[in-house]
Structure formats: structure tokens, C-alpha cells
Amino acid sequence: MEEQTTEAVAMTAEEKAQFEAFKEEQARKVRAQKRKDNREAYAQIVDEQIADALPLLMELSQHISNAKNKVLGDFRQVLEMKEMVMEQTHPGQFSHTFTNSDSTKRLILGVNTIDAYRDTVEDGIEMVRKFIESMAKDDNSRALVNAVMRLLSRDQKGTLKASRVLQLRKMADESGDETFQEGVRIIEESYQPTVTKTYIRAEYKNENGAWQNVPLSMTDA
């Protein structure tokens, strides 16, 4: 049998450069395809995990909502009894704390609010401002004027803070002046807070006697 021989074919520099460029292009395509496959695999895993997690979280959310509504419903009657037993009402009170007899457990029920007022608030503010400005006769009275004017200042949203109105009420009562008191009363009666969220906080005393919060949100748990 006649023996076959192979001869090496020498490539020119130009041919070699073209061949190397071809190999690099093929390798680049392989790397690009691998990255694409990895992205698709990642997206598929995300889809699967979301599909598993969302129903679980929706069910948890519904359980929390049901529990919250039940507690608030049960305590609605307790709040009515509280007003009757204590023989007093607090229209501006937005939170209530209930503690058991041995002071080991407590619930805080309340609502978050945004301060807001009817247009009549401007009449009350103007009445207070005119009275206070009329008092600026010496350094001591000017200090009082400045203090009251700071309480009448508004926040960045142009709203008068309810906490400052409480301080105004205290100053008006201490002054004994009817005009001052009437102006503050108009401001108070103009108050119409907007309720944003109802909340429940649960706490218990741990073995060290310190109040421990019961985590009721995904952030706290």
C-alpha cells in the first residue's frame, strides 16, 4: 500500500491574520451567547421565585388585614366604654393605649393624620396676630410677640402645626385675655385633620421587665 503523506500549508501573514480574526470572532460569539443564556436563566429564576413568593405574601397580607380589622372592631366597644367610664371625651386624641392589669401587655391603637384646617383658621390667626402685635411695647413683651409669631409660622407645605396650636392654647389661657383666647379657639375649631393610616402596636414585657415590641410588619419581623 502506498503511504500517504500530508504537507503543511504555509499561510501568508495576511491569511494568518484573517484566520486569527475569524477565531476571535467565533470566540466572541460563543461568549455573547453564553452571556445571553445566563441572562435568560436568571430571568427565568426570578419569574419562578416571584410566582412562588407573591401568593404567599398576598395570603400573609390578608391575614394581617383580617387580624387588624378584628382587633379594631373589638376595641371600638372598648373605646366607647372608656369615654363612658372616664366621663370625658378627647376629640383631638388620635391614639389610645390599653394596658392589662398586671402591666405586662399593652396595645396602642391610633391613626396617622395630616394637619389641615378650614378657611376660618385665617380669621383666628389674624385675631391672634393683631392682639400680639399690640402687646409689643418693651423688650419683654416683644419676646412674647416673637415666641407667639414663631408658633404661628407654617411648615414647608404652608400648614400650621397642631402641636404649636396646643402651645398657643396654653399661652392664651395663661394670659387670661379674651381676644387672645378667642383667636386660638377659632384656630382650634378650624382644625380638620386628614386621616392617612390606622395602626396597631403591640408590646409585652420581656424577662428583664422591659417593653418588647411585637413585630407586625415585614420590616420589623
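The values are calculated or read from the model by the stated rules, or taken from the named source; none is laboratory data. Not measured: the values here are computed from a predicted model. Cβ: placed from backbone, ideal geometry, glycine included. Neighbour counts: every protein chain shown. Heads up: the accessible areas ignore ligands, DNA and RNA and are worked out on the full protein's heavy atoms, side chains in. Shrake-Rupley method; radii C 1.70, N 1.55, O 1.52, S 1.80 Å.
Could you compute the net charge surrounding I200? Neighbours are other residues with a C-beta less than 12 Å from the C-beta of I200; K and R count +1, D and E count -1.
Net local charge, I200 excluded: +3.
Extension gain E80-Q33, at 0.36 nm per residue separation less the Cα-Cα distance, in nm?
That works out to 10.0 nm of additional length.
Taking the Cα centre of the chain as the origin and placing charges on Cβ (Lys, Arg +1; Asp, Glu -1), which of T97, S153, A143 is farthest toward the positive end of the dipole?
A143
Give the accessible surface of the chain per residue, rounded to a whole number of Å², with probe radius 1.4 Å and ligands, DNA and RNA excluded.
78
Give the range of the longest stretch in the chain that excludes all trypsin sites (Lys or Arg not before Pro) found in loop regions by DSSP and having at most 10 other beta-carbon atoms within 10 Å.
In short, 1-136.
Check K161: other-chain or 5+ apart residues with amide H under 5 Å from its amide H, H built from backbone geometry?
When sequence neighbours closer than 5 places are left aside, the close amide H contacts are D155.
At 1.4 Å probe size, with the rest of the protein present, what percent of the exposed accessible area of the chain is carbon and sulfur atoms? Show your work: numbers first, answer last.
Details: 9010 of 17170 Å².
Taking all protein chains in place, the chain shows 53 percent carbon and sulfur surface.
At 222 nm, what value in deg cm²/dmol follows for the chain if DSSP H runs of at least 4 each add -39500 (n - 2.57) and the sum is divided by all its residues, to the nearest 500?
Calculated mean residue ellipticity at 222 nm is -20500 deg cm²/dmol.
Using the Cα centre of segment 160-214 as the reference point, and only Cβ charges (+1 on K/R, -1 on D/E), how large is the resulting charge dipole? Debye, rounded to the nearest 20.
Details: 8 positive and 9 negative charges, 84 e Å.
Here the size comes out at about 400 debye.
Could you name the lysines in cross-link range of K23, using Cα to Cα under 21 Å and dropping any fewer than eight places away on the same chain?
K34, K36
With helices defined as uninterrupted DSSP H runs, which ones in the chain have an alpha carbon span along their own long axis of at least 15 Å and mean Kyte-Doolittle hydropathy of at least -0.5?
What comes out of the filter, once short or polar helices are dropped, is 121-134, 139-151.
Determine the principal axes of the Cα atoms in segment 11-58, then give the extent along each, sorted from largest to smallest and rounded to whole angstroms.
68, 8, 5
Please state the charge dipole magnitude for the chain, taken about the Cα centre, from unit charges on C-beta atoms (+1 on K and R, -1 on D and E), reported in debye and rounded to the nearest 20.
660
Over the Cα atoms of the chain, what is the Rg over Rh ratio if Rh follows Kirkwood?
Rg divided by Rh gives 1.43.
What list of ³J(HN,Hα) couplings, whole Hz, do you get for segment 105-120 from phi and the Karplus terms 6.51, -1.76, 1.60, once you set θ to phi - 60° and write x for glycine and proline?
9, 7, 10, 10, 10, x, 10, 7, 10, 10, 4, 8, 9, 6, 4, 5
Anything over 18 Å Cα to Cα? Flag those among K70/K205; K68/K197; K105/K205, in the order listed.
Beyond 18 Å between Cα atoms: K70/K205.
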